[in-house]
Amino acid sequence: MFSYAHAQPPENGEAVEGQEEIKPLIVGEKVPDTFWTTEHTVLENGQIRTVNLQHIKGKPLLLDFWATWCASCIKRFPQLDTLRTKYRNELQILLVNSEKTRDTHETIKSHWNTNVKELRLPTILGDQYITQLFPRYAIPYYIWIDRNGRVSAMTSTVFINEKVIESFLAK
């Protein structure tokens, strides 16, 4: 299904303050339990709140790593929102904005309210943890996690389409 998917080689991750060193994941590995229980600051429907990912555990998940200064990231949001609506009961889509992007909560919220407020995509703000599990040097990039919590693929925008999503959900 993901013949051109990028397999991320393991690297040493830097530990989030107060936590042990985090080992980067590769395709085929299962996300750790802390992936589901770690608290995140999330912007959704114009509101900022703190949540963990327990409510989506057991559901296929697509993570989209982005930044406010990444035009190609922002360009994909309407397509992702359409896919989120179409597959709402089958696939979770979650945007991830790393603290490494240097976007502040205020910058993201302002950008969101100005440019993409009609979209219903939730985004993690200032992420430290998930970015260590999936370190990359370019954005946007996408992590596909199956219903069993295994990393199925690490891809570029080329794979963000209905055909690939349907294949992923059929697994």
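The values are calculated or read from the model by the stated rules, or taken from the named source; none is laboratory data. In this text, all values refer to a predicted model and were calculated from it rather than measured experimentally. Cβ atoms come from the backbone with ideal geometry, glycine included; neighbour counts cover every protein chain shown. Areas reflect the complete protein model, heavy atoms only, side chains present, ligands, DNA and RNA absent. Shrake-Rupley method; radii C 1.70, N 1.55, O 1.52, S 1.80 Å.
Placing unit charges on the Cβ atoms only, positive for Lys and Arg and negative for Asp and Glu, gives the chain a dipole magnitude near 640 debye about its Cα centre. Considering only Lys86, Lys109, Lys23, the mean-square fluctuation computed in a Gaussian network model of the chain, springs between alpha carbons under 10 angstrom, is largest for Lys86. The residues His40, His111, His105, His55, sorted by heavy-atom accessible surface at 1.4 Å with ligands and nucleic acids left out, run His55, His105, His111, His40 from largest to smallest.
Surface calculation, 1.4 Å probe, protein heavy atoms: Arg120 sits at approximately 110 Å² accessible.
Counting only protein heavy atoms and a probe of 1.4 Å, the accessible surface of segment 97-171 is 47% carbon and sulfur. These residues, Asp33, Asp146, go from largest to smallest accessible area, 1.4 Å probe, as Asp33, Asp146. Take Ile165: with every protein chain present and a 1.4 Å probe, its accessible area is about 0 Å². Give the lysines reachable from Lys23 as a straight Cα distance under 27 Å; neighbours fewer than 8 places away on the same chain don't count. Of all the lysines, those that pass the test against Lys23 - Cα under 27 Å, at least 8 places apart if same chain - are Lys57, Lys59, Lys100, Lys171. Positive end of the dipole of segment 63-108 (Cβ unit charges, origin at the Cα centre): among Asn97, Cys70, Leu80, the Cα lying farthest that way belongs to Leu80.
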